[in-house]
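Engineer: Pasting a structure below so you can have a look.
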Amino acid sequence: IEWKDETVALKTIVCFIEPTDDLKKLAEEKHLNLLTLDKLREIGRNNPVELVPPKPTDTAVIMYTSGSTGEPKGGEIGFWQGKIDKLLDDFHDFRPTILAMVPRLLNKLYDKVRSDLRKKGIIGRVLFRLAIRSKLALIRRGNSSKNTIWDKIIFGKIRQSFGGKINRVVSTSAPLSPEVCRFSRAAFSCLFIECYGQTECVIGCSQTVNDIESGETGIPTSMNYIKLVDVPEKEYYAKDGIGEICIRSPALFKGYLKDEAKTREAIDEEGWLHTGDIGRWTPYKTMKIVDRKKNMYKLSQGEYVAPEKIEDVYARSRFISQVFVYGDSFESFLVAIVLLNDDYVKQWAKTEGYNVDTIMSSELNAKLKQIILDDMIREGKKRGLMSYEQVKAIEFIKEAFTIENGLLTPTFKARRYAVEKKYKQLFQMIYKNAKI
């Protein structure tokens, strides 16, 4: 209040506690409006304002020109987002030549093609495996022909669904499983590159044009220095060629806005960015992402588990649309919440002779839960999950994780804190019921 004369724009001060009479008198002398927080809330309740939703024409970013011919001009960049369910229509209309993909979308494509061929029985499954193996053999010999028998039967239709002109595909934001990578490389029959990076360092590693290995992210890009450091709590040691990936580069970010503590936590005194990702150098001196140091759960018996790795495995189940694995540090096992793939569940129920409406309407259908849990565990065993990495109980949810409801990032990763907060009571209930 005493500084009012130096800050002409100051009109109102909101107090978290009731101001004293002296403060009220001083504010009145300075022509200041002094409010308590409770009073401000009351004003808001008594004067509701209609919500004004954002429009596609609103300004998202102002980008300034260089000003080489005069004063810099602020270019107003709007924002617009198409409907996700119309994405394939957009591909067909615009016929892009370069495709930047996140693993989640490639996984969905792989699962869809595999599921369609499985419906044709053992012949479909054999054709699927043989097609990928044959195409990869050609690619390794430098032949990326799009006119093979396998393109006419399977892969040509996939490329046409993306417009038919794709000549380069880049996968980034999360590790891509080798099997999906091999399928994608065969299906698109073009330059397919896996990259590794973060918002804080852009692209740290990238595959080169001639690198056709699946499941690894290539060599360090120019200007980047990369080292691995020990993560003893997980028994990862740099001397064995495995550890937390650290990057030092002129391309690193300056720091987190108004968060010096988090900045110091991310970048050490020598300028190394600690990524939180666990990497391994391959025999070819390329980087393979194998785990996460962050987003870890420590169970009551001391085991560390990486939920994202487990979720990637369980997402292979055809029953599942989305899955979130959770671990309580006071419990000895993991649990999960599952969003069902309604189309597949209905198809399965019809085939097995179950009443479709009854199964889909009851979230507490114990038989369906057990069938899906068994399928998840089978997927886990098939892909080498340890027993303590397997969930012991699940519960169904109806609401999907989306960007709009704040449960997914723009790169389709679960916002773990937001999901854990929203479903806190449900996780507690799953643990309670699992012990009965």
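The values are calculated or read from the model by the stated rules, or taken from the named source; none is laboratory data. Source: prediction; values computed, not measured. Every residue, glycine as well, gets a Cβ built from its backbone with ideal geometry; the counts of neighbours run over all protein chains shown.
Engineer: Being among the hydrophobic types (A, V, I, L, M, F, W, C), modelled with pLDDT under 90 and under 24 Å from the mean Cα position of the chain (by Cα): is that true of residue 393 here? Lay out the reasoning, then the answer.
Structural biologist: Numbers: among the hydrophobic types (A, V, I, L, M, F, W, C): yes; modelled with pLDDT under 90: no; under 24 Å from the mean Cα position of the chain (by Cα): yes.
For residue 393, the condition - among the hydrophobic types (A, V, I, L, M, F, W, C), modelled with pLDDT under 90 and under 24 Å from the mean Cα position of the chain (by Cα) - is not met.
Engineer: Check residue 155 against each of (1) under 21 Å from residue 88 (Cα atoms); (2) out of contact with any Phe, Trp or Tyr (no Cβ under 6 Å at 6 or more places or on another chain); (3) outside any helix (DSSP H, G or I) and name the one condition it does not meet.
Structural biologist: (3)
Engineer: Among the residues of region 326-353, which ones are touching a strand residue (DSSP E or B) at 6+ places or on another chain (Cβ under 7 Å) and under 21 Å from residue 110 (Cβ atoms)? Spell out how you get there, then give the answer.
Structural biologist: Looking only at region 326-353, we keep the residues that are touching a strand residue (DSSP E or B) at 6+ places or on another chain (Cβ under 7 Å), and these are 326-327, 329, 333-341.
Matches in region 326-353: 338, 339, 340, 341.
Engineer: If you check every pair at least six apart or on different chains, which have Cβ atoms under 6 Å apart with a residue in region 326-340 that is without any contact (Cβ under 8 Å) to a residue 60 or more places away in the chain first and a residue that is in a loop (DSSP other than H, G, I, E, B) and not aromatic (Phe, Trp, Tyr) second?
Structural biologist: Pairs found: 327/299; 330/300; 332/299; 332/300; 332/301.
Engineer: Criterion first (in contact with a Phe, Trp or Tyr (Cβ under 7 Å, 6 or more places away or on another chain) and at positive phi) does residue 189 satisfy it? Spell out the reasoning first.
Structural biologist: Numbers: in contact with a Phe, Trp or Tyr (Cβ under 7 Å, 6 or more places away or on another chain): yes; at positive phi: yes.
So residue 189 passes the test.
Engineer: Another question about this same structure. Just to confirm my filter: which strands (runs of 3 or more DSSP E) fall fully inside region 193-296 and include at least 1 residues that are out of contact with any helix residue (DSSP H, G or I) (no Cβ under 7 Å at 6 or more places or on another chain) and without any contact (Cβ under 8 Å) to a residue 40 or more places away in the chain? So that I can check it myself, show each step before the final result.
Structural biologist: Details: elements: 202-206, 225-229, 242-248, 273-281, 287-292.
Here the list reads 202-206, 225-229, 242-248, 273-281.
Engineer: While we're looking at this one, here's another question. Restricting to region 29-82, what's the tally of residues that are of a type in the set (Gly, Ala, Ser) and closer than 23 Å to residue 15 by Cβ?
Structural biologist: Step one: list which residues in region 29-82 are of a type in the set (Gly, Ala, Ser), which gives 44, 60, 66-68, 70, 74-75, 78, 82.
Then keep just the ones that are closer than 23 Å to residue 15 by Cβ; that gives 44.
Count: 1.
Engineer: Now, a different point. Looking only at residues that are within 30 Å of residue 293 (Cα to Cα) and part of a strand (DSSP E or B) in region 158-192, which one is nearest to the chain's Cα centre (by Cα)?
Structural biologist: Pass one, region 158-192, residues within 30 Å of residue 293 (Cα to Cα): 169-185, 192.
The next check asks that each one be part of a strand (DSSP E or B); those that pass are 169-171, 192.
Working: 169: 18, 170: 16, 171: 13, 192: 20 Å.
Looking at the filtered set, the residue picked out is 171.
Engineer: Looking at 213, 194 in this structure, which one is closer than 25 Å to residue 227 by Cβ, acidic (Asp, Glu) and modelled with pLDDT of 90 or more?
Structural biologist: After applying the criteria, what remains is 194.
Engineer: Just the residues that are in contact with a strand residue (DSSP E or B) (Cβ under 7 Å, 6 or more places away or on another chain), more than 22 Å from residue 226 (Cβ to Cβ) and of a type in the set (Val, Ile, Thr), please, taken from region 163-191.
Structural biologist: 166, 169
Engineer: Let me ask something else. Can you pull out the residues in region 297-329 that are in a helix (DSSP H, G or I) and acidic (Asp, Glu)? Before the answer, list the steps.
Structural biologist: Taking region 297-329 as the starting set, the residues that turn out to be in a helix (DSSP H, G or I) are 307-314.
Selection gives 308, 311, 312.
Engineer: State all residues of region 406-436 that are aliphatic (A, V, I, L, M) and crowded, with 18+ Cβ neighbours inside 10 Å; if no residue qualifies, say none. Show your work before the answer.
Structural biologist: First pass over region 406-436, keeping only residues aliphatic (A, V, I, L, M): 407-408, 414, 418-419, 426, 429-430, 434, 436.
Those that are aliphatic (A, V, I, L, M) and crowded, with 18+ Cβ neighbours inside 10 Å: 407, 408, 414, 419, 430.
Engineer: Is it true that some residue in region 367-377 is in the same structural domain as residue 313 (by TED's automatic domain parsing) and farther than 19 Å from residue 313 by Cα? Please lay out each step first, then the result.
Structural biologist: Within region 367-377, the first condition is being in the same structural domain as residue 313 (by TED's automatic domain parsing), and the residues that meet it are 367-377.
Add one more test, that the residue is farther than 19 Å from residue 313 by Cα, and what stays is 367-368.
Scanning region 367-377 turns up at least one residue that is in the same structural domain as residue 313 (by TED's automatic domain parsing) and farther than 19 Å from residue 313 by Cα.
Engineer: Separate question: Does any residue in region 125-149 that is farther than 22 Å from residue 209 by Cβ come within less than 7 Å, Cβ to Cβ, of a residue that is modelled with pLDDT under 90 and in a helix (DSSP H, G or I) six or more places away or on a different chain, and which pairs are these?
Structural biologist: 125/117; 125/118; 127/117; 128/114; 128/117
Engineer: Still on this structure, I have one more. Which one is surrounded by the most Cβ atoms within 10 Å (Cβ to Cβ) among residues in region 298-341 that are within 19 Å of residue 397 (Cα to Cα) and of a type in the set (Phe, Trp, Tyr)?
Structural biologist: Per the criteria, the residue is 314.
Engineer: Another question about this same structure. Could you pull out every one of the strands (runs of 3 or more DSSP E) wholly within region 11-123 that has 3 or more residues that are touching a residue at least 24 places away in the same chain (Cβ under 8 Å)? Walk me through it before giving the result.
Structural biologist: Values: elements: 12-15, 33-36, 59-64, 74-78, 98-101.
Where strands (runs of 3 or more DSSP E) fall fully within region 11-123 and carry at least 3 residues being touching a residue at least 24 places away in the same chain (Cβ under 8 Å), they are 98-101.
Engineer: Any chance you could count how many residues in region 342-400 are exposed (fewer than 15 other Cβ atoms within 10 Å of the Cβ), touching a Lys or Arg at 6+ places or on another chain (Cβ under 8 Å) and outside any helix (DSSP H, G or I)?
Structural biologist: Summing the residues that are exposed (fewer than 15 other Cβ atoms within 10 Å of the Cβ), touching a Lys or Arg at 6+ places or on another chain (Cβ under 8 Å) and outside any helix (DSSP H, G or I) in region 342-400 gives 1.
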